[in-house]
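Taken together, the values in this text are just the output of simple stated rules run on the coordinates, not laboratory data. Note that the structure is a prediction, hence the values are computed from the model and not measured.
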Amino acid sequence: MVEQWTHNPYWQYFSGQSRFQWKAPCDASDLVHFRKRIGKEGVRKIFELSVRLHKREAVEEREVVVDTTVQDKNITFPTDTKLYRKITEQCVKIAKTEGIGIRRSYVRTIKRLIFAQRGRGHPRGHNKAVSATKKLGTISRAVGAGASAQAFLREA
């Protein structure tokens, strides 16, 4: 914690500092020695004193407070493959709703290329995965450009 102090302005701000400090507030070993000296009983007494000093502020208004900063989230990193696939699917969807005809929707090709992405564990699979990503990018640009060109010609 002490090592991170000089790198994290948020910790300093929420600890009551009004300006960013480049020096550590104390030596890291000081905290260890202090904790060993006071023991569990001392920590309990400090906590009780803190609660007595901040009676109403220490009590939460709501009964349940959940800190989910460490909880697993169902969020995946947006890889190029996923973004290319989304772009292509959205362009095809918009083209259908607007009545714009496009030559190909690439539905089967995209499924095949996404499947090729799974082979990254094998040396040959890595090369196939890289080329599949490039092809997905080309397809997304082609579908997007084709749909927008059709829409432009249609308006003119």
- Note on the structure: Here the convex hull volume per residue of segment 2-58, taken over Cα atoms and given in Å³, is 96
- Report the full-extension gain for the segment THR6 to PHE20: residue separation times 0.36 nm, less the Cα-Cα distance, to one decimal in nm. 4.2 nm
- Can you list the residues, at least 5 places off or on another chain, whose amide H is less than 5 Å from the amide H of ILE100, using H built in the peptide plane? none
